[in-house]
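K.L.:
Quick one: this structure, given as structure tokens, is what I'll be asking you about.
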Amino acid sequence: MGSPCLKTVGAPSLEELRNSPAFPKSEDFMRGPIAVIECIEEIPCNPCETSCRKGAIVIGDPITNLPRIDFEKCIGCGICVAACPGLAIYIKDYTYSDEEARISFPYEYLPLPQKGDVVQLIGRTGEMVCSGTVIGMQNSRQNDRTTIVTVAYPKNFFDEVISMKRIKNKS
């Protein structure tokens with residue numbers, strides 16, 4: 001029998017996510033970079049499980065189970081981020097520095113941000129949360145054209161930030 005589906009429409013709240021089998025506890029974030037999966041619907045999908053080289057992500061049988069993460073095994077490599085067709089995975093690192101956290105997330109819009117750009121970071125419902133600085137981009141062949149953007153941002157917004165606002169084309 002599958003896990004209880006937490007939501008079928010709209011963005012999940014932080015509280016709903018904390019009840020999800022794949023959402024890290026506060027102490028998990030203190031270990032360094034780890035994957036965060038905001039997958040809360042029981043749909044037939046398992047690319048996160050099959051892409052994880054450490055075996056940290058498990059869907060199991062049936063394939064509609066919600067993913068679970070073994071945070072002892074997760075090293076925050078990010079391979080699962082680009083593998084997720086629902087763009088529901090990102091990497092967070094609370095230990096990045098004394099003042100800043102780091103997030104790496106999929107970004108499939110053009111134009112792409114550039115290293116050093118200051119970007120507007122958003123929360124789960126698209127609300128503006130804070131500014132951050134792009135510190136890296138990864139667009140390797142294994143990512144199948146999904147760019148992974150890494151941004152540093154103030155730690156006091158750690159729980160709220162999940163992505164960035166789309167950059168408008170310069171006309």
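The values are calculated or read from the model by the stated rules, or taken from the named source; none is laboratory data. Quick caveat, the model's predicted, so the values are computed rather than measured. Virtual Cβ from ideal backbone geometry, glycine too; neighbours counted across all protein chains shown. Accessible surface is based on the protein model in full, side chains and every heavy atom, while ligands, DNA and RNA are left aside. Shrake-Rupley method; radii C 1.70, N 1.55, O 1.52, S 1.80 Å.
K.L.:
Can you list residues from other chains, or at least 5 along the same chain, whose modelled amide H is less than 5 Å from the amide H of LEU66?
P.N.:
Residues meeting the amide H criterion: SER3.
K.L.:
GluC sites (Glu not before Pro) within region 36-124: which are DSSP loop residues with at most 13 other Cβ atoms inside 10 Å? If you can, show how the numbers build up before the last one.
P.N.:
On the way: sites: GLU38, GLU41, GLU42, GLU49, GLU72, GLU99, GLU100, GLU108; in loops: GLU38, GLU41, GLU42, GLU72, GLU99, GLU108.
In loop regions of region 36-124 (DSSP not H, G, I, E or B), the sparsely surrounded GluC sites (Glu not before Pro) are GLU72, GLU99, GLU108.
K.L.:
State, as an integer percentage, the relative contact order of the chain based on alpha-carbon contacts under 8 Å between residues 6 or more apart.
P.N.:
Over the chain, the number comes to 19 percent.
K.L.:
Using a 1.4 Å probe, what is the accessible area per residue for the chain, in Å²?
P.N.:
Accessible area per residue, the chain: 55 Å².
K.L.:
Now for a separate question. Give the carbon-plus-sulfur fraction of the accessible surface of the chain in %, rounded to a whole number; probe 1.4 Å, heavy atoms of protein chains only.
P.N.:
About 50 percent, which is the carbon plus sulfur part of the accessible surface.
K.L.:
Treating the beta-carbon of each Lys and Arg as +1 and of each Asp and Glu as -1, no other charges, what is the dipole magnitude of region 1-102 about its Cα centre, to the nearest 20 debye?
P.N.:
On the way: 10 positive and 15 negative charges, 49 e Å.
So the dipole magnitude of region 1-102 works out to roughly 240 debye.
K.L.:
Okay, helix-only estimate at 222 nm for the chain: each DSSP H run of n ≥ 4 adds -39500 (n - 2.57), divide by all residues, round to 500 deg cm²/dmol; what do you get?
P.N.:
-2000 deg cm²/dmol
K.L.:
According to a simple spin-label model (label point 7 Å from Cα along Cα-to-Cβ), what is the distance in nm between ASP98 and GLU16?
P.N.:
3.9
K.L.:
Taking θ as phi - 60°, what are the ³J(HN,Hα) couplings along region 15-26 by the Karplus curve (6.51, -1.76, 1.60), each to the nearest whole Hz, with x for Gly and Pro?
P.N.:
5, 4, 5, 5, 8, 7, x, 10, 8, x, 8, 3
K.L.:
While we're on this one: If amide H atoms are built 1.01 Å from N in the plane of the peptide, which residues on other chains or at least 5 residues away come under 5 Å of the amide H of SER163?
P.N.:
HN-HN under 5 Å from SER163: ILE122.
K.L.:
Another question, then. Structure shown: which of LYS25/LYS73; LYS54/LYS155; LYS92/LYS168 lie over 19 Å apart, alpha-carbon to alpha-carbon?
P.N.:
LYS54/LYS155; LYS92/LYS168
K.L.:
Show me the trypsin sites (Lys or Arg not before Pro) within region 27-132 that DSSP assigns to loop and that have at most 16 other Cβ atoms within 10 Å of their Cβ.
P.N.:
ARG31, ARG53, LYS54, LYS73, LYS115
K.L.:
Follow-up. For the chain, with equal point scatterers placed on the C-alpha atoms only and solvent neglected, what are the log10 I(q)/I(0) values from the Debye formula at q = 0.09, 0.10, 0.13, 0.16 1/Å, to two decimals?
P.N.:
Debye intensities relative to I(0), on a log10 scale: -0.29, -0.36, -0.61, -0.94.
K.L.:
Follow-up question, since we're still on this one. Search the structure for amide H atoms under 5 Å from the amide H of THR95, placed 1.01 Å from N in the peptide plane, and list their residues when 5 or more places away or on another chain.
P.N.:
GLY32
K.L.:
Consider a paramagnetic label point 7 Å from the Cα of SER140 along Cα→Cβ; state which residues of region 18-50 have an amide N under 19 Å from it.
P.N.:
Under 19 Å, as judged by backbone N against the label point of SER140, lie 33-36, 47-50 of region 18-50.
K.L.:
Continuing with the same structure: Can you give me the distance in nm between label points at GLU127 and MET30, each placed 7 Å from the Cα along the Cα-to-Cβ direction?
P.N.:
Result for the modelled spin labels: 2.8 nm.
K.L.:
Can you work out ³J(HN,Hα) from phi for every residue in region 63-76, in order, using Karplus 6.51 cos²θ - 1.76 cosθ + 1.60 and θ = phi - 60°, giving whole Hz and x for Gly and Pro?
P.N.:
Once θ is set to phi - 60°, the couplings for region 63-76 become 5, 8, 4, 6, x, 10, 10, 8, 6, 6, 8, 5, 10, x Hz.
K.L.:
About the Cα centre, and with charges only on the beta carbon of Lys, Arg (+1) and Asp, Glu (-1), how big is the dipole of the chain? Nearest 20 debye, please. Before the final figure, lay out the partial values.
P.N.:
Values: 19 positive and 21 negative charges, 120 e Å.
Using Cβ point charges on Lys, Arg, Asp and Glu, the chain gives about 580 debye.
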